[in-house]
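Here's the structure, in structure tokens; my notes come after.
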Amino acid sequence: MSGIAFPAPDPKILARKTEIVAALRRLVAAPDAVIDDPVELAPYETDAFTAYRRLPLAVVLPSSTDEVSRVLAHLAREGVKVVPRGAGTSLAGGAIPLEDAVVVGVARMNRVLAIDPANRTARVQAGITNLAISEAVAEQGFFYAPDPSSQLACTLAGNIAMNSGGAHCLKYGVTTNNLLGVTLVLTDGSVVELGGEALDAPGYDLVGLVCGSEGQLGIVTEAVVRILPKPEGARPVLLAFPSSEAAGACVAEIIGAGIVPVAIEFMDNPAIRICEAFAKAGYPTEAAAMLIVEVEGSDAEIDAELSRIVAIARRHGVTTIKESRSATETAQIWKGRKSAFGATGRVADYICMDGTIPTGRLPEVLQRMEAIVRGYGLRVANVFHAGDGNLHPLILYDVNDPDQAAKAEAAGADILKLCVEVGGCLTGEHGVGIEKRDLMRHQFTEAELRLQAAVRRVFDPNELLNPGKVFPLDLAKAA
Amino acid sequence: MRLEPTSEDEAASLVRTLARDRSPVRLEGGGTRRAIGRPIRTAATLSSRKLGGITLYAPAEMVIAARTGTPVAELEAALASKGQMLPFEPPDHRRLLGSEGEPTIGGIVAGNLSGPRRLAVGACRDAAIGLRFVDGRGEVQHSGGRVMKNVTGLDLVKLLCGSWGTLAFLTEVTFKVLPRPESELTLLFEDLPDDRANALLCAAMATPFGPSGAAHLPAGVGAARARTVLRLEGFSESIRYRADRLAAALAAYGRADRVEGEESRALWRAIRDVEPLAEPRERAVWRLSLPPKRGAEAVAAIRTERDCTVLYDWSGGLVWLATEEGDDAGCAVIRAVARKLGGHATLLRGSPELRLRIPPFHPPAERVRALETGLRRTFDPVGLFNPGLLEAGS
């Protein structure tokens, strides 16, 4: 694939590589914290949006807020672009470098600084992985709620940059709803503390603005997150249906009945077959659609809630009901769903879209997506968070066939335009990055994009942070 | 002069005229919170009063949208008819502020105002998923939308929520909503001193039993005896079970009584609206936001220098504090204590003279102020909207 343009590298900066690297080495203490050898730079040339790659000028891995501050101040003075990086798991190309940019990675700043059960907060360095936060607070009976599928690898810094979600955000919200404070290093090197352990911050909600700003306002080095007491228990039920419409109507009625499960995951027939072949989870391979609905509480509460849900499912022609009876069964039900992307990768290459739609339009959108992808001669499998309408159609293609690759990209763009057309959005949890940058005009007017770009320049007047992302490259500067 | 546009386009056109004439305006919804912030004087008021009406309600999607001039009561009635509610329990400050008028949903968003349930399910800014607004150039803009998960572009919804009408004129807001709980039950512990009560509230919030309200009313605040209260909401069988477990877990703090039905609802309404501190009228009322476990500690530190009456909400994270106005209504000590303990303080009620003498909103750090000033210029280059409301010269 080669459809997405990158800003042309500045030859003057490229020519100064040796001098820039030498200066970086003076600014950070650890001898191995600056990487400039092309072979060692290779792991940093892309993220999880692997169709695009650019080798950066250098990579620097600071160990403290102070080092990040010195590095950013120096690079800003020299007019060098900066690409912030967590673990590099962005599916939207949010961390893909530029040839004339320095990658500033926060992965070495991964310590837990304080856990405070009475306040229900934890203060951590932002390079910590998402799962490591939950692991660190588990002993006290707590967890960190946002749970992106990549939670084993992805960093909190990246989660904050993209305002990441996960399967359980129907009940617990996404990153922005679980983030109370950040230490933010601005491009001029100044360090600001926004929010903290209190439930709100004075002044404008800058924590809310920074969350989801895709690394364009500053680099977050520390954060205060909300931690929650673990529920007494949680159990899923697997429900299979003869049609996607029936499954969609069942979701609507569950929510209409005043039940808010922690997760409602939807899989269509192609996704069920792919996952079953891989995970042997006992999924009904003949079903047109399947839901995994998970509820929390005491055993009695779970029983009561699941029986309400099953009664609703029966009214919508459910064909299989599989209630988990043990931790092993629970793990098995989830195993197929959680391995969906990996399992799909075994049968074909794919691109994963991330649009959100109003859930009421689900049956119609599923049909039209199928038609779009078929129109390009490709196949699609659907796995998504049904409770909140965040779709993840996987468009299957052969990466070695340039024609198929171009068609997959085009089909993806058509699907995202469809999401916007029915009242949804381009991206529910992955971010815009470079992937959806050129589609932004389908969701925003020119004036809206200019306002957002002007907000960005309040923090970073010269647009040195993560350039070439989010905003169309030809966006006029006049605010 | 009162400007009361009946459509978003008309509002935009009015703002363009005001911008051309460089004529600042006060932005207003129902006007019930006109007495919050620094007193300002403008030739005109731009009101959302005639921008009313629910524009979208999809109960099965748990989403509702309304123009900002819609009365909060109208929105809540529409939701109640389908067994739903705004999760964050918007407060009504008319008794506290001695004001009249009809609180609007735009006013709630402008102040990011949230009641007791904020502790459990998030604030107004967490429920708000979409906004339409007119910026200071008179351009109609939107951020977010009608779907719960949306990370497309900068999240201006959060930025505008709680900006007190200093960045834009809000025209329409979309919320995610929740099912209205089938029933509620309040566990009531009596006679606890503030520090023990604060510890109880934090201990309760660290259990899996999910209180949706955690407040403490000291002796003499609304009743003779001190009351420490935890609210449980949900299906009846579930809240009875959780109440038993929670009472057992907190047995060290004493025996818990149970308050149900309308009595429970009335209690939480009073806490939400800060009713016990409404009288006497002439006292200043502060709103302190703190790390929850620091609530009682902050009050004890303030009391070494100043008499005050307090009410704790949000597990101790929200302290309402009434005190004599005097010279600075305790501003110096209250802000110093709040800052030291990781929080901040807003003067929510005070005479106009007091609100000119001391900054009602917590002053930001210098570098943060520079960012805020930059944002204000970006949204409103001429400085039309509520100039001076947040800070002198802002």
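Picking from A:V21, A:V71, which residue would you name as being within 22 Å of A:G158 (Cα to Cα), crowded, with 16+ Cβ neighbours inside 10 Å and not assigned by TED's automatic domain parsing to the domain that holds A:L156? Give the derivation first.
Working: A:V21 fails: within 22 Å of A:G158 (Cα to Cα).
Checking each option against the conditions leaves just A:V71.
Being over 23 Å from A:A153 (Cβ atoms), of a type in the set (D, E, K, R) and surrounded by fewer than 19 Cβ atoms within 10 Å (Cβ to Cβ): is that true of A:K81 here? So that I can check it myself, show each step before the final result.
Working: over 23 Å from A:A153 (Cβ atoms): yes; of a type in the set (D, E, K, R): yes; surrounded by fewer than 19 Cβ atoms within 10 Å (Cβ to Cβ): no.
No, not satisfied.
(1) in contact with a helix residue (DSSP H, G or I) (Cβ under 7 Å, 6 or more places away or on another chain); (2) within 19 Å of B:T104 (Cβ to Cβ): which one isn't true of B:A60, the others all being true?
Here B:A60 meets the rest and fails (2).
Quick one: A:L209 ticks every box in (1) closer than 30 Å to B:R367 by Cα; (2) part of a loop (DSSP other than H, G, I, E, B); (3) in contact (Cβ under 8 Å) with a residue 60 or more places away in the chain bar one, so which box is it?
The number of the failed condition is (2).
Among the numbered criteria (1) modelled with pLDDT of 95 or more; (2) away from chain B (no Cβ under 14 Å), which one does A:C211 miss?
(2)
Got a number for residues in segment B:46-75 being of a type in the set (V, I, T) and within 14 Å of chain A (Cβ to nearest Cβ)?
Total satisfying the criteria: 3.
Go through segment A:220-241 and give me each residue that's farther than 14 Å from A:L194 by Cβ and within 14 Å of chain B (Cβ to nearest Cβ). Break it down stepwise before answering.
As a first pass, look at segment A:220-241 and keep what is farther than 14 Å from A:L194 by Cβ: A:226-241.
Selection gives A:R226, A:I227, A:L228, A:P229, A:K230, A:P231, A:E232, A:G233, A:A234.
In this structure, does A:G203 turn out to be under 19 Å from B:G374 (Cα atoms), within 9 Å of chain B (Cβ to nearest Cβ) and within 18 Å of the chain's Cα centre (by Cα)? Quick ask: steps written out before the conclusion?
Numbers: under 19 Å from B:G374 (Cα atoms): yes; within 9 Å of chain B (Cβ to nearest Cβ): yes; within 18 Å of the chain's Cα centre (by Cα): no.
When the stated conditions are applied, A:G203 does not pass them.
Check every one of the strands (runs of 3 or more DSSP E) wholly within segment B:125-199 and list those with 3 or more residues that are more than 10 Å from chain A (Cβ to nearest Cβ).
Details: elements: B:128-134, B:140-144, B:169-176, B:183-190.
Of the strands (runs of 3 or more DSSP E) lying wholly inside segment B:125-199, those with at least 3 residues that are more than 10 Å from chain A (Cβ to nearest Cβ) span B:128-134, B:169-176, B:183-190.
Check whether at least one residue in segment A:416-439 is at negative phi, of a type in the set (G, A, S) and in contact with a strand residue (DSSP E or B) (Cβ under 6 Å, 6 or more places away or on another chain), and report yes or no.
yes
Select from segment A:308-333 the residues that are touching a residue at least 12 places away in the same chain (Cβ under 8 Å), of a type in the set (A, V, I, L, M, F, W, C) and more than 12 Å from A:G282 (Cβ to Cβ) and list them in ascending order.
Residues of segment A:308-333 touching a residue at least 12 places away in the same chain (Cβ under 8 Å): A:308-310, A:312-313, A:315-324, A:330, A:332-333.
Now restrict to residues that are of a type in the set (A, V, I, L, M, F, W, C): A:309-310, A:312-313, A:318, A:321, A:333.
Once the filter is applied, which keeps residues that are touching a residue at least 12 places away in the same chain (Cβ under 8 Å), of a type in the set (A, V, I, L, M, F, W, C) and more than 12 Å from A:G282 (Cβ to Cβ), segment A:308-333 yields A:I309, A:V310, A:I312, A:A313, A:V318, A:I321.
Please pick out the residue among A:A411, A:A447, A:A454, A:A478 that is at pLDDT below 95, more than 30 Å from A:V295 (Cα to Cα) and either in contact with a Phe, Trp or Tyr (Cβ under 8 Å, 6 or more places away or on another chain) or outside the structural domain of A:L209 (by TED's automatic domain parsing) (or both). Spell out how you get there, then give the answer.
Numbers: A:A411 fails: at pLDDT below 95; A:A447 fails: at pLDDT below 95; A:A454 fails: at pLDDT below 95.
None of the other options fit; the residue is A:A478.
Test B:P291 against the criterion of being buried (at least 24 other Cβ atoms within 10 Å of the Cβ) and in contact (Cβ under 8 Å) with a residue 40 or more places away in the chain, and give yes or no.
Details: buried (at least 24 other Cβ atoms within 10 Å of the Cβ): yes; in contact (Cβ under 8 Å) with a residue 40 or more places away in the chain: yes.
Spelling it out, B:P291 is indeed buried (at least 24 other Cβ atoms within 10 Å of the Cβ) and in contact (Cβ under 8 Å) with a residue 40 or more places away in the chain.
Which is in contact with a Ser or Thr (Cβ under 6 Å, 6 or more places away or on another chain) and either away from chain B (no Cβ under 11 Å) or within 30 Å of A:A289 (Cβ to Cβ) (or both), of A:C419, A:C425?
On the way: A:C419 fails: in contact with a Ser or Thr (Cβ under 6 Å, 6 or more places away or on another chain).
Sole residue among the options that is in contact with a Ser or Thr (Cβ under 6 Å, 6 or more places away or on another chain) and either away from chain B (no Cβ under 11 Å) or within 30 Å of A:A289 (Cβ to Cβ) (or both): A:C425.
Specify the residue that is farthest from B:L267 (Cα to Cα); the eligible residues are those in segment B:62-92 that are touching a residue at least 40 places away in the same chain (Cβ under 8 Å) and assigned to a helix (DSSP H, G or I).
Among them, the one singled out is B:L79.
Return the residues of segment A:164-196 that are outside any strand (DSSP E or B) and more than 20 Å from the chain's Cα centre (by Cα); say none if nothing qualifies. Step through it out loud before you land on a result.
Going residue by residue through segment A:164-196, those that are outside any strand (DSSP E or B) are A:164-178, A:186-190, A:196.
Listed by number, the residues that qualify are A:L186, A:T187, A:D188, A:G189, A:S190, A:G196.
Return the pairs, sorted by first residue and then second, in which the second residue is among the aromatic types (F, W, Y) and assigned to a loop (DSSP other than H, G, I, E, B), the first residue lies in segment A:129-146 and is away from every other protein chain (no Cβ under 13 Å), the beta carbons are less than 6 Å apart, and the residues are 6+ apart or on different chains.
A:I133/A:Y144; A:S134/A:Y144
Go through (1) touching a residue at least 60 places away in the same chain (Cβ under 8 Å); (2) within 7 Å of chain B (Cβ to nearest Cβ); (3) surrounded by fewer than 23 Cβ atoms within 10 Å (Cβ to Cβ); (4) under 23 Å from A:L91 (Cβ atoms) one by one and return the number of the condition A:S190 breaks.
Answer for A:S190: the failing condition is (4).
Go through the residues of segment A:293-303 one by one and say whether even a single one is away from chain B (no Cβ under 14 Å), of a type outside the set (D, E) and in contact with a strand residue (DSSP E or B) (Cβ under 9 Å, 6 or more places away or on another chain). Give the derivation first.
Restricting attention to segment A:293-303, the residues satisfying the condition of being away from chain B (no Cβ under 14 Å) are A:293-294.
Remaining after also requiring of a type outside the set (D, E): A:293.
Restricting the remaining residues to those that are in contact with a strand residue (DSSP E or B) (Cβ under 9 Å, 6 or more places away or on another chain) gives A:293.
Yes: one or more hits.
The values are calculated or read from the model by the stated rules, or taken from the named source; none is laboratory data. Note that the structure is a prediction, hence the values are computed from the model and not measured. Cβ coordinates were reconstructed from backbone atoms using ideal geometry, including for glycine residues, and neighbour counts include every protein chain displayed.
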